[in-house]
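To start, the structure itself, in structure tokens.
The values are calculated or read from the model by the stated rules, or taken from the named source; none is laboratory data. Being a predicted model, the structure only gives us computed values, none of them experimental. So basically every Cβ, Gly included, is an ideal-geometry build from the backbone, and we count neighbours across all protein chains shown. Note: accessible area is taken over every heavy atom of the protein model, side chains too, but ligands, DNA and RNA are not part of it. Shrake-Rupley method; radii C 1.70, N 1.55, O 1.52, S 1.80 Å.
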Amino acid sequence: MEYLQREFSQLGLNNDFHFLPRCKRLGVMHVCFADDLLMFCKADLKSIKLLQDAFLKFSRASGLQENPNKSSGYIACINERMKELILRELGYNEGSLPFKYLGVPLAPKKLSNQQCRPLVEKITARISCWTSKLLSYSGRFQLIKSVIFRMQSYWAQKSFGSMDRVCLPQTMGGLNVINLCNWNKAAIVKHLWAITKKKDCLWIRWIHSYYIKNRSIDTMTIPKSAAWVVRKIIEQRKFILNLPSLQGNEQERLESLQNTNGKFSIKKLYNLQTPQGQKVYWKSLILHPHIHPRHKFNLWLAIQRRLPTDDRLQKIGIQVAQIQAWEEELHWVVYHARKKKGIGNIIVAVFGMLIYSLWRHRNLLRFQNGSTSAAQICREITTYVHIKSHIHSNWQEHMEALNRYP
């Protein structure tokens, strides 16, 4: 790529070559990433020929060649005759905006719903191939948290209850699901930070040359002619200045969001948007390592909605009258969860499996007209605990004592 850059730099010294006006001011005539290359020049035959010759010289030296079937020419503001001559010289078909660069549509205007449809279809196809309709609640939760968010995050830089509660940290009673709206705001602010820092980047130099023009970005009026992306970035000034957790002017606030290595931290700004509240007393139970993730999710649901104790539990032989109130049971298990050793680990694992089994068998009765019994649930829990005991050696002593019970 250094060789290509050198050839284009020499080309810029040729008086017969004509830059696009904006490219000349920025001192750039190409953008290259991996195997994608964009080349710019004025739409005249001499400039086109010189640009093509420079690329062919690079191609002969490096062995890298263009694929005519995947290459296009984008031409504007000339007559049809001249356009035909240029396309014949290039040997490419004429392209039209928007086109994709690095998988993202490039267009001079705001993307329409139709242009964003490929992203929606890509996410839908990923969900469908995993047969999400057959996934459990915990499976869907993991799908949203680990896969769909990452896809959306790349393009931008199911409700189990209240989404505000779901997005809270686990220590505050949530599931720590990323709030995409807040994350997107933080990602846009990163672009604002890059503009104020005047990073050596093509699009930042372009914004400074055509919109900011040596004015202060803190006080300048947002140009009405600016692209919608530029307007959205500059509009984040108000968001930054209204964050009570940050102090100083806009520049000082943006600098406070940097890491120790001087890079902007999206995560740091995202965390500042997360509401701070009192930690729930049962956080040690939800974070306990000996609870299966599937059981943990159902336990979280049970805590949010309270464990169901309707008439259907009586049908499987559970004596509700012998069980303490839900809050008392929960406090008792949390007390043992904080110990994180010995019998406490067994109690926590049994409790998680119990909640999961009750939930599953209740749904079996309610939605599928199935049948079950207390003995069947007990056998499932016993089998699960015995399997776990072979994995954790510190359970053996307590398991031997428990095995002596009738």
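Among the residues of region 88-102, those that are over 21 Å from residue 23 (Cα atoms) and part of a helix (DSSP H, G or I) comprise 88, 89.
Scanning region 371-393 for residues that are surrounded by 13 or more Cβ atoms within 10 Å (Cβ to Cβ) and basic (Lys, Arg) turns up just one, 388.
Rundown of residues vs (1) open to solvent by less than 80 Å² (accessible area, probe 1.4 Å); (2) at pLDDT 90 or above; (3) over 23 Å from the mean Cα position of the chain (by Cα), yes/no style:
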residue	(1), (2), (3)
227	yes, no, yes
244	no, no, yes
264	yes, yes, no
269	yes, yes, no
272	yes, yes, no
282	yes, no, yes
286	yes, no, yes
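When residue 110 is tested against (1) modelled with pLDDT under 85; (2) part of a loop (DSSP other than H, G, I, E, B); (3) over 39 Å from the mean Cα position of the chain (by Cα), exactly one condition is not met: (3). Among the residues of region 173-183, just one is open to solvent by 30 Å² or more (accessible area, probe 1.4 Å) and either farther than 21 Å from residue 240 by Cα or at pLDDT below 80 (or both), namely 176. Yes or no: region 68-84 includes at least one residue that is among the basic types (Lys, Arg), at pLDDT 80 or above and part of a loop (DSSP other than H, G, I, E, B). No: region 68-84 contains no residue that is among the basic types (Lys, Arg), at pLDDT 80 or above and part of a loop (DSSP other than H, G, I, E, B). When you look at residue 255, is it modelled with pLDDT of 90 or more and exposed (fewer than 14 other Cβ atoms within 10 Å of the Cβ), yes or no? Considered against the rule, which asks whether it is modelled with pLDDT of 90 or more and exposed (fewer than 14 other Cβ atoms within 10 Å of the Cβ), residue 255 comes out as no. Report whether or not residue 29 is among the aliphatic types (A, V, I, L, M), modelled with pLDDT under 85, surrounded by 13 or more Cβ atoms within 10 Å (Cβ to Cβ) and closer than 30 Å to residue 230 by Cβ. In short, yes. Is it the case that residue 112 is surrounded by 11 or more Cβ atoms within 10 Å (Cβ to Cβ), farther than 22 Å from residue 2 by Cα and of a type in the set (S, T, N, Q)? Criteria met by residue 112.
The condition (being in a loop (DSSP other than H, G, I, E, B), of a type outside the set (Ser, Thr, Tyr), under 30 Å from the mean Cα position of the chain (by Cα) and under 26 Å from residue 111 (Cα atoms)) is satisfied by just one residue among 222, 204: 222. Determine whether residue 190 is among the charged types (D, E, K, R), open to solvent by 50 Å² or more (accessible area, probe 1.4 Å) and part of a helix (DSSP H, G or I). Judged against the criteria, residue 190 is a match. Among the residues of region 333-342, write down those that are open to solvent by 30 Å² or more (accessible area, probe 1.4 Å), farther than 23 Å from residue 294 by Cβ and at pLDDT below 85. Selection gives 339, 341. With respect to the conditions (1) surrounded by 14 or more Cβ atoms within 10 Å (Cβ to Cβ); (2) in a helix (DSSP H, G or I); (3) not hydrophobic (A, V, I, L, M, F, W, C), residue 46 falls short on a single one, namely (1). Could you tell me whether residue 357 is of a type in the set (Gly, Ala, Ser) and under 34 Å from the mean Cα position of the chain (by Cα)? Criteria met by residue 357. Of the residues making up region 343-370, those that are loosely packed, with under 14 Cβ neighbours inside 10 Å and either closer than 13 Å to residue 292 by Cβ or not charged (D, E, K, R) (or both) are 363, 367, 368, 369, 370.
Within the set 57, 24, the sole residue that is at pLDDT 85 or above, open to solvent by 60 Å² or more (accessible area, probe 1.4 Å) and closer than 27 Å to residue 84 by Cα turns out to be 57.
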